[in-house]
């Protein structure tokens, strides 16, 4: 049986104190930072402030190692777009630099789609200034800052330091490194960054680190799997300006993703948004039950009052149904050639009732961003094709195309939608076979009457 998280943390910390983790050779010790109110904050008596030692490089330099964390600016600045100050692994920096068309212009919706204003009980929020169609781009922006999701111990600790004190040291040392990064920001970007919300004011996080822990987004393309860590700890935290003003809703009406060529975080509407509506995102996995979401959101000083959270006895069973569907459709990012969205085989069953039930559960709970919702649309498209229903086959192909556009910016052509990715041909075959069967039965009836 594998050790639990707390056991692993204790083991890591004891190895760190004993010197078994040689930080000078680049070993990274990862521990979970505290939340809430911590009474004993800051460096323990006798420990001096950390001297920042993260090296600075031009991203095109060949001199840094793949596993070394460096401070750099990505992508190269242009007259129209500033670069982002980044702390990334050397491997990640090279992935970014070698991305085809890196540094292309950040797209701007015309006319503009939103404004930032007061959101009752939430501080600032993002609101639609016009009707926005499902799939439409709402905002794209170059990040203010990119840093590792995880903090790393940057020096050995004395044997007298407790684990809790060690975490405080780690946060204080990380803050010192980030101070250097903010000095490299343009003054306007630095002011915008420091104006962002900070829900970690009392746990020992410095002001820069607190903003990161409050506002950082992750994305699958900003992960260095070569670090040998999980996606969560091997990834990078992306801090934006306007997108950080998007408040949480468990039935959020947008999706977000990072577009590497333009080096921008982008948000699109997952369903139609009316003028004046608040534009929302998610701070947690929204298929979790209410109690789990409530616990996670407390780390961000968020008490969600959305329709799902105000009536969990009704919403939790529907979310559980959506989660089961989600389990049938794992992202499978590393094996896309074998993923569900490459399987165009004709289903054995032509019963659409279970699929329609799953679809209703997703819509009622506002979980259209879920992979389970896309999976359901995809299966409905195939199932209607197997029934010979061309109209509904195309209708669900169109809905699936909108989901693809909303979640990753992928444009499905009208021709692909019209053919339903080849599934209308299946429906036509079914209709022909059905017509032949009816003709044979009619002939038999005529013969029998004679």
Please indicate, with yes or no, whether at least one residue in the stretch 131-153 is at pLDDT below 95, surrounded by 21 or more Cβ atoms within 10 Å (Cβ to Cβ) and over 22 Å from the mean Cα position of the chain (by Cα). yes
When you go through 383, 376, 393 one by one, which is the residue that is modelled with pLDDT of 95 or more, under 24 Å from residue 253 (Cβ atoms) and crowded, with 17+ Cβ neighbours inside 10 Å? 376
Can you confirm whether residue 446 is farther than 30 Å from residue 256 by Cβ, touching a helix residue (DSSP H, G or I) at 6+ places or on another chain (Cβ under 7 Å), in a helix (DSSP H, G or I) and modelled with pLDDT under 95? no
Out of 226, 204, I need the residue that is on the phi > 0 side of the Ramachandran plot and touching a residue at least 12 places away in the same chain (Cβ under 8 Å). Which one? 204
Only listed residue being modelled with pLDDT of 90 or more and in contact with a helix residue (DSSP H, G or I) (Cβ under 9 Å, 6 or more places away or on another chain), chosen from 157, 193: 193
In the stretch 252-295, residues that are surrounded by 21 or more Cβ atoms within 10 Å (Cβ to Cβ), touching a helix residue (DSSP H, G or I) at 6+ places or on another chain (Cβ under 6 Å) and under 19 Å from residue 362 (Cβ atoms) total 4
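The values are calculated or read from the model by the stated rules, or taken from the named source; none is laboratory data. It should be emphasised that the depicted structure is a prediction, and the values quoted were computed from it without experimental measurement. Here Cβ is always computed from backbone atoms with ideal geometry, including for glycine, and neighbour counts include all displayed protein chains.
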